[in-house]
Amino acid sequence: MLWISIAVCVVAMIGILALLRKPAPGPGIGSDEAPPRDDAEKPVRAAAKLPRSKKASLPPIALPTISAEGHVESSVTDVVDLDLDLGQTEGGSGVPVVPSLVDPEAEPDEPTRTHPLILVSACGQSDRGKKRQRNEDTLGIVENKGLYIVADGMGGHRGGAEASKLAVETVTGLINDAARPTNVLDERLPVHANRLADAIRVANAAVHKASHETRDLAKMGTTMVACHFALRKQRVYIGHVGDSRVYRLRNNVLEQITKDHTLAELGVRGPLASRLSRAVGVAPNVTVDMLVGKPQAGDVYLLCSDGLTKMVDEPMIEKLLRQCSDPQKAVEALIAKANDLGGRDNVTVIVVKVQDSTQNAAA
């Protein structure tokens, strides 16, 4: 029995020594910290990564993928992440609006006159082009409101066409509804500008809702440029999302008024540069660029989808607008040139010519 007792004591002593020599618990079971993992805390990246360039100093974010035809074909999450990370949120209501001036003299908002200070004449046309099987562009013209819209849709089997159509119909309907109260999205903006920005916001919500309710419309979205000419104020209000553009020809010099919402504008170079960073309908909310300008007699405004600018360079656009004083002839010439040079995309063009109201009355 004595030997058994001694053996038990020895075993117990060995166990105690082993416990005393055991290192303190590290990350893992029995620790407040999670065990290290190879994929822990790694940022989510798309398959296509940002190029290693000093100019591209963007944070690691999910990027939308793009098809060979040139538009975003991505999950809604990818585009939402991109827009929320890179968009700007301004305005008293919390709705993202970025206001700016096209002309310095447009800063004070003019009182509404009893007679028009300017008149406009316009023409628009949308063409499928030579390569695409369907036309996903939509244009909107409401002459009595001085409203002109170009939208370039993308996503899904038929989602692009539906997105651009729904967005245009929503904006035109809201601008036509004079009884609808105007939501003040940004106190720095005039009433007409707030009204247009709010209409685009509602259009964004409508497209986003439709994309989630109908399977065939999933992941759809659209670009949009909308010009609202206030003739009795001599103002133009321009709402913009995406890479469709507004140009102005003034004194025979062409100027791009809008800024493309693409990764190129954010400093990215290489194959990712042309991808959209913002579009209508891909997220519950969207940042709207809102510009205010003062049109002058002789100005020509051009609204277009990127089907024009991908094929026709700016010097040629300027040349054609200078040659064609009639808006209809200018539209026909621009679309014909885009198709002559390959017509790789749908092309939609609206040309608006500004005239002095007194000069028109005298004629």
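List of remarks:
- Accessible area of segment 116-247 belonging to carbon and sulfur atoms, whole % at 1.4 Å probe: 46 percent
- For segment 110-187, taking Cα atoms only, Rg and Dmax work out to 16.2, 49 Å respectively.
- Near MET290, the amide H atoms lying under 5 Å from its own belong to VAL98, SER100; only residues 5 or more places off or on other chains count, and H is placed 1.01 Å from N.
- Summed over the residues of segment 207-252 and divided among them, the accessible surface reaches 34 Å² per residue at a probe radius of 1.4 Å.
- Counted charge near LEU231, where neighbours are those whose Cβ lies closer than 14 Å (Asp, Glu -1; Lys, Arg +1): +3
- Accessible surface of segment 250-353, 1.4 Å probe, proportion on carbon and sulfur as whole %: 45 percent
- Here segment 255-270 is scanned for amide nitrogen atoms under 17 Å from the site 7 Å beyond the Cα of ASP313 along Cα-to-Cβ, giving 255-256.
- Calculated P(r) tail over 16 Å for segment 218-321, as whole % of Cα pairs: 62 percent
- Shape analysis of segment 271-333 places it in the oblate category; the axes a ≥ b ≥ c from the Cα gyration tensor give an a/c of at least 1.5, with a/b not above b/c.
- Cα radius of gyration and Dmax for segment 113-266 (Å): 16.2, 50
- Environment charge of CYS324, counting only residues whose C-beta is closer than 14 Å and scoring Lys/Arg +1, Asp/Glu -1: +2
- Packing-based ranking of 288-299, 309-320, 130-141 yields 288-299, 130-141, 309-320, ordered from highest to lowest mean Cβ neighbour count within 10 Å.
- FRET efficiency for the pair ALA336 and ASP103, taken as 1/(1 + (r/R0)^6) with r the Cβ-Cβ distance and R0 = 35 Å, rounds to 0.65.
- Within-15-Å neighbourhood charge of LYS259 [Cβ basis; K, R +1; D, E -1]: -4
- Kirkwood hydrodynamic radius computed over segment 163-206 comes to 10.5 Å, based on all pairs of distinct alpha carbons.
- Karplus-derived HN-Hα couplings along segment 323-340 (A = 6.51, B = -1.76, C = 1.60, θ = phi - 60°), whole Hz, x at Gly and Pro: 6, 10, 6, 8, x, 5, 5, 5, 4, 4, 5, 5, 5, 4, 5, 4, 6, 4
- Taking all C-alpha pairs of segment 173-241, those more than 16 Å from each other amount to 54 percent.
The values are calculated or read from the model by the stated rules, or taken from the named source; none is laboratory data. Only a predicted model underlies this, so the values are computations on that prediction, with no experimental measurement involved. Glycine also receives a Cβ, built like all others from the backbone with ideal geometry; neighbour counts cover every protein chain displayed. For accessibility, only protein heavy atoms count, side chains too; no ligands or nucleic acids. Shrake-Rupley method; radii C 1.70, N 1.55, O 1.52, S 1.80 Å.
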